[in-house]
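> Below are the structure tokens for one structure; questions will follow.
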Amino acid sequence: MLRPLLFSGLRADPEWLHQQTLQTLGWLDETTTIRSVVCDRLTASYKYVDDRLSQSLWGLDFANPLGLAAGFDKNGVGAGLWSHFGFGFAELGTVTLHGQPGNPPPRLFRLMEDAAVLNRMGFNNDGAVMLQQRLQHLAQRLPQREIPIGINLGKSKVTPLEEAAEDYRGSFKLLKDLGDYFVVNVSSPNTPGLRSLQSIDQLEPIFTALNEENTDGKPILVKIAPDLADEDIRAVVDLSMRSQMSGIIATNTTIRRDGLKTQVIAKTGKSVADEAGGISGKPVRDRSTEVIRLIYQQTQGELLIVGVGGIFTAQDAWEKIIAGASLVQVYTGWIYEGPGMAKRVMQGLVERLDQAGMQQISEAVGTAVK
């Protein structure tokens with residue numbers, strides 16, 4: 001049912017395919033008469049369990065290091081099912097304090113030749129209150145959460161940049177009891193001015209506001225862009241450590257267009273260089289790994305890193321882990337590789353542990369840097 005919708009090269013609009021997939025997942029999750037059968041089938045097909053892949057981070061138990069990245073399930077529609085696809089955790093959002101429609105379509109394009117996606121969605125989501133209600137309802141149906149759930153927070157488009165800190169605080173206040181960890185997203189290229197919040201003078205008030213609201217000590221991370229200069233990355237990392245942030249997610253999508261095989265977007269007839277938006281997938285893989293290595297070297301492994309960008313295979317995930325990432329996330333790779341990707345990656349990681357003579361995945365973190 002899912003594969004023809006999401007995991008095929010159909011000529012249908014990719015955003016429509018995405019929406020149909022989430023609607024299907026939401027229906028399956030809510031239909032109690034078949035939910036257990038669906039979960040059993042998904043688990044049997046896509047889940048791979050090996051204790052060597054497990055870790056305890058921030059006091060949370062991760063059965064494996066592979067998570068679903070933010071952007072796929074913005075409104076938490078499939079939050080009750082992601083563990084059955086083999087993920088060790090899932091990140092919902094990006095969610096904003098005020099619900100918003102995002103940018104006008106078409107706004108999502110698959111660059112098949114590059115194994116990439118170009119998106120300019122613009123934080124389209126139902127808003128923090130709706131996500132709060134959905135997660136409260138989920139907690140009533142499924143009191144025992146199977147995997148850690150993160151929540152990615154963005155700035156509402158209607159909120160002026162100078163009021164960004166209070167906007168992030170408002171979302172966090174509504175959701176802080178419902179997420180296991182939180183992410184400050186200041187690196188999407190699709191909200192006007194948002195990336196300027198990565199500058200230290202604008203990022204520090206956001207950290208301060210969230211720390212004031214974070215009375216229960218929930219892990220809070222910041223997600224950065226791959227296009228930042230190395231010295232700017234170091235500045236963000238320094239601030240994160242001074243502000244006692246829990247980690248860095250490296251990285252978001254890129255606005256660079258060099259090296260792409262795709263030259264024209266068929267849907268619009270425009271040059272890919274003239275289309276706004278961020279690119280994910282293989283074009284961002286190497287830079288993402290470089291940023292992970294840079295952060296790990298700077299912090300000597302003291303600041304936890306979540307690696308995301310261009311992961312399609314076990315080798316892609318392994319390279320990010322040995323560069324310094326304790327956890328990794330996928331989105332575009334999962335679209336292209338299909339729902340069996342998580343299982344294949346887990347099997348491949350276990351093989352690499354055996355080859356390296358390691359007993360736990362945590363032993364591999366940063367070994368290429370050390």
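> Within segment 316-351, take every residue that is more than 14 Å from Ile305 (Cα to Cα) and acidic (Asp, Glu) and give me the one that is least open to solvent (accessible area, probe 1.4 Å).
Result: Asp316.
> If I go through segment 183-225 residue by residue, how many of them are in a strand (DSSP E or B) and either among the acidic types (Asp, Glu) or touching a Ser or Thr at 6+ places or on another chain (Cβ under 7 Å) (or both)?
Matching residues across segment 183-225 total 6.
> Residues Leu111, Leu22, Leu68: which one is without any contact (Cβ under 8 Å) to a residue 60 or more places away in the chain and either over 18 Å from the mean Cα position of the chain (by Cα) or surrounded by 14 or more Cβ atoms within 10 Å (Cβ to Cβ) (or both)?
None of the others qualify; the one that does is Leu22.
> Hey, another quick one. Here are the criteria: (1) open to solvent by less than 10 Å² (accessible area, probe 1.4 Å); (2) more than 22 Å from Thr253 (Cα to Cα); (3) of a type outside the set (Lys, Arg). Tell me which single one Gly301 does not satisfy.
Of (1) open to solvent by less than 10 Å² (accessible area, probe 1.4 Å); (2) more than 22 Å from Thr253 (Cα to Cα); (3) of a type outside the set (Lys, Arg), only one is false for Gly301: (1).
> Looking at (1) farther than 27 Å from Glu113 by Cα; (2) free of Cβ contacts under 8 Å to residues at least 60 places away in the same chain; (3) under 18 Å from the mean Cα position of the chain (by Cα); (4) open to solvent by less than 20 Å² (accessible area, probe 1.4 Å), find the lone condition where Lys218 falls short.
Of the numbered conditions (1) farther than 27 Å from Glu113 by Cα; (2) free of Cβ contacts under 8 Å to residues at least 60 places away in the same chain; (3) under 18 Å from the mean Cα position of the chain (by Cα); (4) open to solvent by less than 20 Å² (accessible area, probe 1.4 Å), the odd one out for Lys218 is (4).
> In segment 252-260, is there at least one residue being over 28 Å from Leu153 (Cα atoms) and hydroxyl-bearing (Ser, Thr, Tyr)?
no
> Would it be correct to say that Gly310 is at positive phi, at pLDDT 95 or above and crowded, with 24+ Cβ neighbours inside 10 Å?
The answer is yes for Gly310.
> Could you tell me whether any residue of segment 279-295 is closer than 30 Å to Cys39 by Cα and either open to solvent by 60 Å² or more (accessible area, probe 1.4 Å) or within 19 Å of the chain's Cα centre (by Cα) (or both)?
yes
> Among the residues that make up segment 301-317, is at least one of them among the polar types (S, T, N, Q) and within 13 Å of Gly67 (Cβ to Cβ)?
no
> Being within 15 Å of Thr96 (Cβ to Cβ) and either of a type in the set (Ser, Thr, Tyr) or out of contact with any Asp or Glu (no Cβ under 6 Å at 6 or more places or on another chain) (or both) narrows it down to one of Leu203, Leu174, so name that one.
Only one candidate qualifies: Leu174.
> Separate question: Strands (runs of 3 or more DSSP E) wholly in segment 18-132 with at least 1 residues that are among the acidic types (Asp, Glu) and closer than 21 Å to Ile311 by Cβ - which ones?
89-95
> Within segment 226-256, track down each residue that is in a loop (DSSP other than H, G, I, E, B), touching an Asp or Glu at 6+ places or on another chain (Cβ under 9 Å) and surrounded by fewer than 24 Cβ atoms within 10 Å (Cβ to Cβ).
Residues satisfying the conditions are Ser243, Ile255, Arg256.
> Cβ-Cβ under 8 Å, sequence separation 6+ or interchain: first residue in segment 96-107 and more than 19 Å from Ala164 (Cα to Cα) and open to solvent by less than 50 Å² (accessible area, probe 1.4 Å), partner assigned to a loop (DSSP other than H, G, I, E, B) and basic (Lys, Arg). Which pairs?
Hits for this filter: Asn103/Arg120; Pro106/Lys267; Arg107/Arg120.
> Continuing with this model, one more query. Starting from residues that are in contact (Cβ under 8 Å) with a residue 60 or more places away in the chain and assigned to a helix (DSSP H, G or I), keep the ones in segment 137-167 and report whichever is surrounded by the fewest Cβ atoms within 10 Å (Cβ to Cβ).
Arg141
The values are calculated or read from the model by the stated rules, or taken from the named source; none is laboratory data. Because the structure is predicted, anything quoted here is derived from the model rather than measured. Cβ sites come from the backbone with ideal geometry, for glycine too, and all protein chains shown count toward neighbours. Side chains included, ligands, DNA and RNA excluded: accessible areas come from the protein's heavy atoms. Shrake-Rupley method; radii C 1.70, N 1.55, O 1.52, S 1.80 Å.
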